[in-house]
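Just so it is clear, none of the values below were taken in a lab; they were calculated from the coordinates. The structure displayed is predicted, hence computed values, not measured ones. No Cβ is skipped: glycine too gets one built from the backbone with ideal geometry, and neighbour counts run over all protein chains shown.
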Amino acid sequence: MTPLSKSANGSYGLPGRELIAVMPLHAITTVYGERGLRARFELETARLNSLADREKADKALHLAGHLHERDERQREPYINHPLRVALRIICHYAVRDADITCAALLHDAVEDHADDLAANGRPGAFGVLAAEFGARVAGLVEAVTNPVYTPGRSKDEQYREHVAASLDANPEARVIKVSDFTDNGVGVFYATGPKAVRLAGKYAPLVPMLADLIARPDTPLSIPAKARILSQLRVAEERFAALTG
């Protein structure tokens, strides 16, 4: 394999397709960042069933990249997060469904950028997604979009109530939410001090709820994918418990 060359800005160029295709997602993120995740996404979506599916996934990534272009998440470009959420579903959950891929890429689009999508905010934003990607994609994004919180009540409590009700009614959305939860949960362990404790307290109560939802027969995942996810949730539960003490 050709050695990697270092560019003028100190970052390394991408390796060959063979290596990027098998690297863990966290390793791609750490070493190659957004460029590496985009390269892996291109490799994975090349296996989708049709040219139309591939073009739809590329279109969703383009929109997500545009909406989140100024956003950051824990010192990295925000687009890395939806890219990992989508890639985890494809690579680790073995789900090759263009609509689920698109919804994973756009799962934060309305929550964070409704006004950029439509002049009338959330209602119009979901309508834009339906027009561009179909009602199924828009419905999945809506199912994993956090609600507008009611003042005077705990946001964390309202968040958990929404997750429970929304995912109970939408088995496909569970696939997106558990990948999102996994990525967010990993991020907790890069936080420090009170923030880490607060985030662990927010996410810890979701672990048994997600485990129950993923284990249900109507969740559209293979037995090996469910076993993998349930194992990861058990580890997450132990780590959150350690943080919350």
ask   = Counting only complete DSSP H runs, which helices of the chain cover 20 Å or more along their long axis at the Cα atoms and score a mean Kyte-Doolittle of -1.0 or above?
value = 25-45, 51-67, 171-188, 223-244
note = With a 22 Å threshold on alpha-carbon distance, the violating pairs from Lys155/Lys195; Lys177/Lys226; Lys177/Lys202 are none
inquiry  = With only alpha-carbon atoms in the gyration tensor, what are the semi-axes of the equivalent ellipsoid for the range 7-145, in Å, largest first?
reply    = 26, 18, 11
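Taking Rh as the Kirkwood radius computed over C-alpha pairs, what is the Stokes-Einstein D of the chain at 25 °C in a medium of viscosity 0.890 mPa s, expressed in µm² per second? Let's see the in-between values first.
Details: Rh = 18.8 Å.
Once the numbers are plugged in, D ends up at 130 µm²/s.
Per residue of the chain, what 222 nm ellipticity follows from adding -39500 (n - 2.57) for every DSSP H run with n ≥ 4, rounded to the nearest 500? Don't skip to the answer; put the middle values down first.
Working: 13 runs with 168 residues, N = 245.
The helix-only estimate for the chain comes to -21500 deg cm²/dmol at 222 nm.
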task = Note down the relative contact order for the chain as a percent, whole number, built from C-alpha pairs under 8 angstrom at least six residues apart.
result = 14
note = Expected sort for 214-226, 121-133, 163-175 on mean C-beta neighbours within 10 Å, highest first, is 163-175, 121-133, 214-226
remark   = Taking 0.36 nm per residue of separation between Ala46 and Ala169 and subtracting their Cα-Cα distance, the length gained on full extension comes to 41.2 nm
